[in-house]
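Asks: One structure, as structure tokens, below. Some questions next.
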């Protein structure tokens, strides 16, 4: 077989031999980057141990080096195996679950009669580093199914046997390093010694396969890099992430509350958080009304039959709450708003002149998320979607998509997000509607993105069953990406609910339905905002924009006058007239991340001026009240935000 390795050379290799047989030849070339970590065969990552296809005469491989993002997946997958080996050597009775590489590192799910603690984690990490130092070679072996079952049965690896019995292949691949063996397809490094910079981060509980009816396992998280300096930079980033954790800041800044006594994943918006939410909601409504959307409100529950018609009971029942029996009829909490908007469309006969019809709602929905995946505001059970549905003709589809993209980008920039990753998800294997309509919808989505000059990636086969979609992931100040905005084209619900309009030829035609959310959910978006700004919201979003501080009790009357003037001018202002030292009051305001403090003492009162202190510590002295109001108003407009 002829092997072309891009920018390295062409080699001959006997069929079904692993790539590592080429290492002596490749080493002779003395590559400046050293040996590749792994390779890409089309879109698949393969390692040095992988057998190559037998039914082709030649193949082309792209080499992956440490600086390539895909190489981290190979490194971290190997690190997860080293972690599993370390646990088995320290705790022989432990049973292994699964251990994948993930975006920021890796984890391994491991059953042990008691939860691992921080001391255990230190011991395991020490053992991990010992295994790395041994530089054990990794080997790939292919076993017959019966042989693999016998092996893992002898090892008493019950979870591996469960996985193995679900495989359809007659031959099973395993990877070994020293005396350790694991059920695995790869890819992996050549030796454990290639994992140079590794850190175990935490341990948490995780149900086997995410099902609360299954045993609870220890999930050990870690990360790995090719260079120590990259690991150091990542650990510093983690410290910054901890400082910005919205759960901690939400409590410290009194923004929201989630209490187990009330219910897991159910959010209480405290006064300050509720005020920020109101600002977002008011702006959201105003902008939609400007763009010819119709604001609607819909119920929180509906008859179960509605969810049968919509298909949610067929495709989404695991995430829905169980029905409630009321007057001999079954009702269910809504997981989506779309069926209600469909009924609004269907309240009367629609003409082609009525389209597009744009309906929008800040609609609260309820989804049963398993307790293991709940995470502050980012994953909850009750949340408010900034939802909208557009009913349009086929010839209007592209223009409507462009309008939606304009609105998405406008909103995201307004809230401080300038960078995104955009994905266009195309037709999956199982879909509804004729392929030619899918082709037109995908073309319209692609054309809209190109019209806006937005870079995007095709995500083949990842559309939802009822239509293709665009997903936008926003990049925060720490370089993390968050899924928020989505735009979906739907052929399914118009068919299920028999939506029609009368066209110019006086015939009935089916409209196309666009589902779209700009922010995703208010709860999740608020959590992202908290972490993006570290709780120090921009002036226009801050729940308290200005705090008036008095130096002595003598200044309270003057302070009250300034407070009332600022309040009348429309600012969100409060006051601290406590009998405390001024430095203590300033520190309190800074801890609450209030953008501006007005400090009033005898000197300011005598001169009828103000001292204005910014959150950054900068102080502007001898300002008149009108000057302060002018300055604050300049920061409280959309023009200042752009």
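The values are calculated or read from the model by the stated rules, or taken from the named source; none is laboratory data. Computed from a predicted model, the values in this text were never measured in an experiment. Please note: Cβ atoms are built from the backbone with ideal geometry, for glycine as well, and neighbour counts cover all protein chains shown.
Asks: Taking the stated definitions as given, is residue 55 over 15 Å from residue 194 (Cβ atoms) and either in contact (Cβ under 8 Å) with a residue 40 or more places away in the chain or assigned to a strand (DSSP E or B) (or both)?
Replies: Considered against the rule, which asks whether it is over 15 Å from residue 194 (Cβ atoms) and either in contact (Cβ under 8 Å) with a residue 40 or more places away in the chain or assigned to a strand (DSSP E or B) (or both), residue 55 comes out as no.
This table checks each residue for (1) in contact (Cβ under 8 Å) with a residue 60 or more places away in the chain; (2) in contact with a strand residue (DSSP E or B) (Cβ under 7 Å, 6 or more places away or on another chain); (3) assigned to a helix (DSSP H, G or I).
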| position | (1), (2), (3) |
| --- | --- |
| 359 | yes, yes, no |
| 377 | yes, yes, no |
| 386 | yes, yes, no |
| 397 | yes, yes, yes |
| 400 | yes, yes, yes |
| 422 | no, yes, no |
| 428 | no, no, no |
| 442 | no, no, yes |
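Asks: What about residue 406, is it out of contact with any strand residue (DSSP E or B) (no Cβ under 9 Å at 6 or more places or on another chain) and either outside any strand (DSSP E or B) or not assigned by TED's automatic domain parsing to the domain that holds residue 487 (or both)?
Replies: Answer is yes for this residue.
Asks: Could I ask something else about it? Of (1) surrounded by 15 or more Cβ atoms within 10 Å (Cβ to Cβ); (2) under 30 Å from residue 158 (Cα atoms); (3) at pLDDT below 95, residue 265 satisfies all except one. Which?
Replies: (2)
Asks: Could you please let me know if residue 124 is in contact with a strand residue (DSSP E or B) (Cβ under 7 Å, 6 or more places away or on another chain), in contact (Cβ under 8 Å) with a residue 24 or more places away in the chain, surrounded by 18 or more Cβ atoms within 10 Å (Cβ to Cβ) and outside any helix (DSSP H, G or I)?
Replies: no
Asks: Same structure, new question: Quick check on this structure: which one of 138, 189 is in contact with a strand residue (DSSP E or B) (Cβ under 6 Å, 6 or more places away or on another chain) and either modelled with pLDDT of 95 or more or part of a loop (DSSP other than H, G, I, E, B) (or both)?
Replies: When all the criteria are applied, what remains is 138.
Asks: From 224, 233, which residue is touching a residue at least 40 places away in the same chain (Cβ under 8 Å) and either touching a strand residue (DSSP E or B) at 6+ places or on another chain (Cβ under 9 Å) or under 27 Å from residue 411 (Cβ atoms) (or both)?
Replies: None of the other options fit; the residue is 224.
Asks: Follow-up question, since we're still on this one. Surrounded by 15 or more Cβ atoms within 10 Å (Cβ to Cβ) and closer than 30 Å to residue 394 by Cβ: which single residue out of 504, 531, 462 fits that description?
Replies: After applying the criteria, what remains is 462.
Conditions tested, residue by residue: (1) outside the structural domain of residue 478 (by TED's automatic domain parsing); (2) modelled with pLDDT under 95; (3) in contact with a strand residue (DSSP E or B) (Cβ under 7 Å, 6 or more places away or on another chain).
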residue	(1), (2), (3)
530	yes, no, no
536	yes, no, no
567	yes, no, yes
576	yes, no, yes
596	yes, no, yes
599	yes, no, yes
613	yes, no, yes
616	yes, yes, no
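Asks: Let me ask something additional. Go through (1) more than 29 Å from the chain's Cα centre (by Cα); (2) assigned to a helix (DSSP H, G or I) for residue 325 and report which single condition fails.
Replies: (2)
Asks: Hey, any hits in the stretch 103-114 for a residue that's assigned to a helix (DSSP H, G or I) and either farther than 26 Å from residue 164 by Cα or in the same structural domain as residue 47 (by TED's automatic domain parsing) (or both)?
Replies: No, there is no match, as no residue in the stretch 103-114 is assigned to a helix (DSSP H, G or I) and either farther than 26 Å from residue 164 by Cα or in the same structural domain as residue 47 (by TED's automatic domain parsing) (or both).
Asks: Another one. Collect the residues in the stretch 570-597 that are touching a residue at least 60 places away in the same chain (Cβ under 8 Å) and over 39 Å from the mean Cα position of the chain (by Cα), keeping them in residue-number order.
Replies: none
Asks: For the stretch 241-261, indicate whether the set of residues that are surrounded by fewer than 16 Cβ atoms within 10 Å (Cβ to Cβ), over 28 Å from residue 532 (Cβ atoms) and more than 22 Å from the chain's Cα centre (by Cα) is non-empty.
Replies: Scanning the stretch 241-261, I find at least one residue that is surrounded by fewer than 16 Cβ atoms within 10 Å (Cβ to Cβ), over 28 Å from residue 532 (Cβ atoms) and more than 22 Å from the chain's Cα centre (by Cα), so the answer is yes.
Asks: Hey, can you tell me all the residues within the stretch 538-566 that are under 38 Å from the mean Cα position of the chain (by Cα) and either in a helix (DSSP H, G or I) or under 15 Å from residue 611 (Cβ atoms) (or both)?
Replies: Those that are under 38 Å from the mean Cα position of the chain (by Cα) and either in a helix (DSSP H, G or I) or under 15 Å from residue 611 (Cβ atoms) (or both): 546, 547.
Asks: I've got another one for you. Please indicate, with yes or no, whether at least one residue in the stretch 462-483 is at pLDDT 90 or above and over 21 Å from the mean Cα position of the chain (by Cα).
Replies: no
Asks: Could you tell me which of the residues 398, 394 is buried (at least 18 other Cβ atoms within 10 Å of the Cβ), at pLDDT below 95 and at negative phi?
Replies: Only one candidate passes the filter, namely 398.
Asks: Taking residue 88, is it assigned to a helix (DSSP H, G or I) and within 19 Å of residue 188 (Cβ to Cβ)?
Replies: Against the criterion (assigned to a helix (DSSP H, G or I) and within 19 Å of residue 188 (Cβ to Cβ)), residue 88 qualifies.
Asks: Sticking with this structure for a sec: Out of (1) at pLDDT 95 or above; (2) in contact with a strand residue (DSSP E or B) (Cβ under 9 Å, 6 or more places away or on another chain), the odd one out for residue 343 is which?
Replies: (2)
Asks: Of everything in the stretch 404-431 that's more than 24 Å from residue 528 (Cα to Cα) and surrounded by fewer than 17 Cβ atoms within 10 Å (Cβ to Cβ), which residue is modelled with the lowest pLDDT?
Replies: Among those residues, the one meeting the criterion is 430.
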